[in-house]
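Taken together, the values in this text are just the output of simple stated rules run on the coordinates, not laboratory data. In this text, all values refer to a predicted model and were calculated from it rather than measured experimentally. So basically every Cβ, Gly included, is an ideal-geometry build from the backbone, and we count neighbours across all protein chains shown.
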Amino acid sequence: MKVVHWKWMVGLLTLCSGLAGAAESYRDNADARALVEELVAERGMERDSLLALLSEAQRQESILEAIARPAEKVKPWHEYREIFLTERREREGRAFMQAHRQTLARAEAETGVPAELIAAIIGVETYYGRITGSYRVIDALATLAFDYPRRSAFFSKELKHFLILTAEQDVDPLSLKGSYAGAMGYGQFMPSSYRSYAVDFDGDGHTDIWNNPVDAIGSVANYFKAHGWRPGEAVVVPAAVTDAAPEAWFNAGLVPERIIAEFAKVGIRPRQAVDPDAKATAMKFELEDGYEYWLGLHNFYVITRYNHSAMYAMSVHQLAQRLAAGGDAQ
């Protein structure tokens with residue numbers, strides 16, 4: 001059993017001693033107290049310290065409204081891509097790559113993940129670390145863990161990881177901010193991903209993707225390596241489609257399940273040379289006038305492991321192409 005604690009908690013314990021009876025305190029929530037007991041038993045963490053933290057966590061109605069809001073109409077591809085494939089994001093991306101060229105080169109050399117893809121992920125997620133979220137992470141995770149029953153199991157797990165993570169790193173959990181769902185840092189890692197895939201890429205003894213772009217770059221690269229990125233392989237290939245192509249084969253899922261040769265037999269043919277035995281998934285993206293068709297390969301699927309959306313993955317890929325080409329790739 002690994003014992004972890006926060007060195008800075010002594011003052012907070014004193015500050016929070018009068019909050020135990022507060023009506024809205026998560027310290028009195030039965031599920032919260034159960035989580036505390038798990039951490040005490042499994043990790044040797046201090047019960048009073050954890051209860052003091054939960055006394056400080058604040059329920060955020062705006063988070064509940066955001067996550068419960070009915071899904072907005074999905075933007076068509078020609079609108080969605082305009083959010084990310086902008087001149088400003090390309091310009092700032094090239095500046096980011098120039099500023100961190102040595103770190104990106106080392107990350108690519110050690111993991112096989114292209115420097116431009118690492119930069120594109122950080123660019124899409126947080127505008128290269130400039131916009132990382134305004135909610136306190138502990139508020140977001142506690143609110144969703146204890147006041148959003150539909151996904152309470154997932155967010156309770158993430159809150160548990162967050163408390164362990166901040167104790168291991170000796171970071172004040174009340175100081176960290178992120179998205180309304182609790183995603184953090186340059187690459188918007190959830191706490192479980194942080195603990196699983198973040199790395200101390202500059203070797204200073206701390207794994208910090210909140211403020212350290214070197215660790216953030218290494219961590220994004222490590223995430224893709226861990227999820228099976230294949231160096232040197234293509235991501236997608238454009239497809240030519242005949243009228244005979246079965247509609248049901250498009251956008252049927254993110255996992256590549258059929259081989260290229262099977263698609264070709266039914267009228268979904270790659271427009272570039274590709275291994276006929278490679279597995280792919282067929283996609284159609286809506287343009288202002290018609291559609292464009294693609295075959296997503298294994299590396300495309302790996303990008304969707306970061307965010308389970310084909311349009312997200314295509315945006316990241318095309319931004320990466322533009323960064324690599326100095327903004328000229330289409």
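Can you tell which of W294, P276, W249 lies farthest toward the positive end of the dipole of region 236-296, using +1 and -1 charges on the Cβ of basic and acidic side chains (Lys, Arg; Asp, Glu)? The one lying farthest along the dipole's positive direction is P276.
Just how large is the dipole of the chain about the Cα centre, in debye to the nearest 20, putting +1 at every Lys and Arg Cβ and -1 at every Asp and Glu Cβ? Please report the intermediate quantities before stating the final value.
Working: 35 positive and 44 negative charges, 57 e Å.
So the magnitude is around 280 debye.
Taking the highest mean first, how do the peptides 246-256, 152-162 order by number of other beta carbon atoms within 10 angstrom per residue?
Working: 246-256: 13.5, 152-162: 20.1.
The packing order, highest mean first, is 152-162, 246-256.
Normalised radius of gyration for region 264-330, please: alpha carbon Rg relative to 2.2 N^0.38 Å, two decimal places.
On the way: Rg = 13.0 Å, N = 67, 2.2 N^0.38 = 10.9 Å.
Dividing the Cα radius of gyration by 2.2 N^0.38 Å gives 1.19.
Indicate the helices, whole DSSP H runs only, in the chain that combine a mean Kyte-Doolittle hydropathy of -1.0 or more with a Cα extent along their long axis of 20 angstrom or more.
Details: long enough: 152-169 (25 Å, 0.23); 310-324 (21 Å, 0.40).
Correct list, ordered by number: 152-169, 310-324.
Among residues other than P276 with Cβ under 13 Å from its Cβ, the summed charge is +1 (Lys and Arg +1, Asp and Glu -1). Here region 38-114 is described by how far its Cα atoms reach on the three principal axes: 49, 40, 20 Å, from widest to narrowest. Taking every alpha-carbon pair in region 203-330 and binning the separations at 5 Å intervals from zero gives 2, 10, 18, 20, 18, 13, 8, 5, 3, 2, 1, 0 percent.
Can you give the Rg to Rh ratio of region 236-296, both from alpha-carbon atoms, with Rh computed by the Kirkwood formula? Intermediate values should be presented prior to the final figure.
Numbers: Rg = 10.6 Å, Rh = 11.4 Å.
The Rg/Rh ratio comes out at 0.93.
When only alpha carbons are used to place a centre, region 256-326 and region 36-105 end up 26 Å from one another.
Evaluate the charge dipole of region 266-330 about its Cα centre and quote only its size in Debye, nearest 20, assuming +1 on the Cβ of each Lys and Arg and -1 on the Cβ of each Asp and Glu.
Values: 6 positive and 7 negative charges, 48 e Å.
The dipole magnitude comes to about 240 debye.
For region 50-172, the convex hull drawn through the C-alpha positions has a volume of 163 cubic angstrom per residue.
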